[in-house]
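Scroll down for the structure; my scribbles are underneath it.
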Amino acid sequence: MAEEGHKVCLHVYDLSQGLAKQVSMSFLGKAIEGIWHTGVVVYGIEYYFGGGIYRAPVGTAPYGTPIRMIDLGVTKVSKDKFESYLEEISPRYTQETYSLLKHNCNNFSNEVAKFLVDTSIPQYILDLPNEVLSSPLAPLMMPMIQSMESTLREGEVPKVCQFAQPLGMNSESSKNEGSDDQKVCLQPLVDPLGNARSQVQDEIAKEFAAIRAQGTLSPSEAAALATKNVMEKYGFLNPTVAPPPKDG
């Protein structure tokens, strides 16, 4: 008798809980719908990568309710065979190998989906790091990215404040409300641009446009050069030079 197939589903979560969609246009110059985390659900278990390969009964993963559940197909792979496969690939999916931009939960989900049902997860999920890094303002997001990566590498879930604080969104009212955990979380991260962020962002965008108009560099190369030029101009790559003055 042929072995019964097992449904395979991709659970998609937005780690920013909607914040990325609200602020990405002004901060990156492009719309980012979410900061995606994914897990593959099969055999009644959700499998995902953080500080290692994790397993959770369906509905108990620490990321809340998925915003999308994508049907990937039906697999004939047995659970025992799949667990053996995970054991084989586990040395490549450890706390040490985790990288938010290069080797993350979505790369794991994609590899697992190919093994189970010979298909990839949606490309827009895999393309998110490139979407962020191709912005001329991407270097300004590195404090946030590093904070998130550290949290995810420990197998924990980033708090919304890790997205909000680098953008200057930790208001006094939010500091004084919520649980003790939220109050601890809302201690400000160090933003190297401080109050000059808006002015620096504008100048990087203008510099990027001017460099691209020359037609000699790719978008990523132009973004890196524009950021370097402006950061050097205002001394953020040279601590002896003062930051730009505030307008007004």
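Quick notes
- Annotation note: Cβ proximity below 8 Å between a residue of segment 123-135 that is touching a residue at least 24 places away in the same chain (Cβ under 8 Å) and a residue that is assigned to a loop (DSSP other than H, G, I, E, B) and among the small types (Gly, Ala, Ser) (sequence gap 6+ or interchain) occurs for SER135/GLY29.
- Positions within segment 44-64 being loosely packed, with under 13 Cβ neighbours inside 10 Å and within 14 Å of CYS9 (Cα to Cα), in sequence order: GLY44, PRO57, GLY59
- Of the residues making up segment 33-77, those that are under 14 Å from ALA113 (Cα atoms) and not aliphatic (A, V, I, L, M) number 11.
- Within segment 81-97, if we keep just the residues that are outside any helix (DSSP H, G or I) and free of Cβ contacts under 8 Å to residues at least 24 places away in the same chain, the residue that is surrounded by the fewest Cβ atoms within 10 Å (Cβ to Cβ) turns out to be GLU96.
Per-residue answers, yes or no, for (1) in a strand (DSSP E or B); (2) hydrophobic (A, V, I, L, M, F, W, C); (3) in contact with a strand residue (DSSP E or B) (Cβ under 7 Å, 6 or more places away or on another chain):
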{"residue": "GLU33", "(1), (2), (3)": "no, no, no"}
{"residue": "THR38", "(1), (2), (3)": "yes, no, yes"}
{"residue": "TYR47", "(1), (2), (3)": "yes, no, yes"}
{"residue": "ARG55", "(1), (2), (3)": "yes, no, yes"}
{"residue": "PRO62", "(1), (2), (3)": "no, no, no"}
{"residue": "THR65", "(1), (2), (3)": "no, no, no"}
{"residue": "ILE70", "(1), (2), (3)": "yes, yes, yes"}
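- Complete set of residues in segment 75-112 that are closer than 23 Å to GLU156 by Cα and among the hydrophobic types (A, V, I, L, M, F, W, C): LEU86, ILE89, LEU100, LEU101, CYS105, PHE108, VAL112
- Single residue of segment 70-80 satisfying the filter (under 24 Å from the mean Cα position of the chain (by Cα) and surrounded by 12 or more Cβ atoms within 10 Å (Cβ to Cβ)) that is farthest from HIS37 (Cα to Cα): LEU72
- Segment 52-96: number of residues that are over 15 Å from SER109 (Cα atoms) and of a type in the set (S, T, N, Q): 5
- The listed residue being in contact (Cβ under 8 Å) with a residue 24 or more places away in the chain, assigned by TED's automatic domain parsing to the domain that holds PRO122, among the hydroxyl-bearing types (Ser, Thr, Tyr) and under 22 Å from GLY5 (Cβ atoms), out of TYR47, TYR63, TYR54: TYR47
- Residue selected from segment 1-31 under the condition surrounded by fewer than 19 Cβ atoms within 10 Å (Cβ to Cβ), of a type in the set (A, V, I, L, M, F, W, C) and assigned to a loop (DSSP other than H, G, I, E, B), by the criterion modelled with the highest pLDDT: ALA31
The values are calculated or read from the model by the stated rules, or taken from the named source; none is laboratory data. Not measured: the values here are computed from a predicted model. For neighbour counting, all protein chains shown are included, and Cβ atoms are generated from backbone atoms with ideal geometry for every residue, glycine included.
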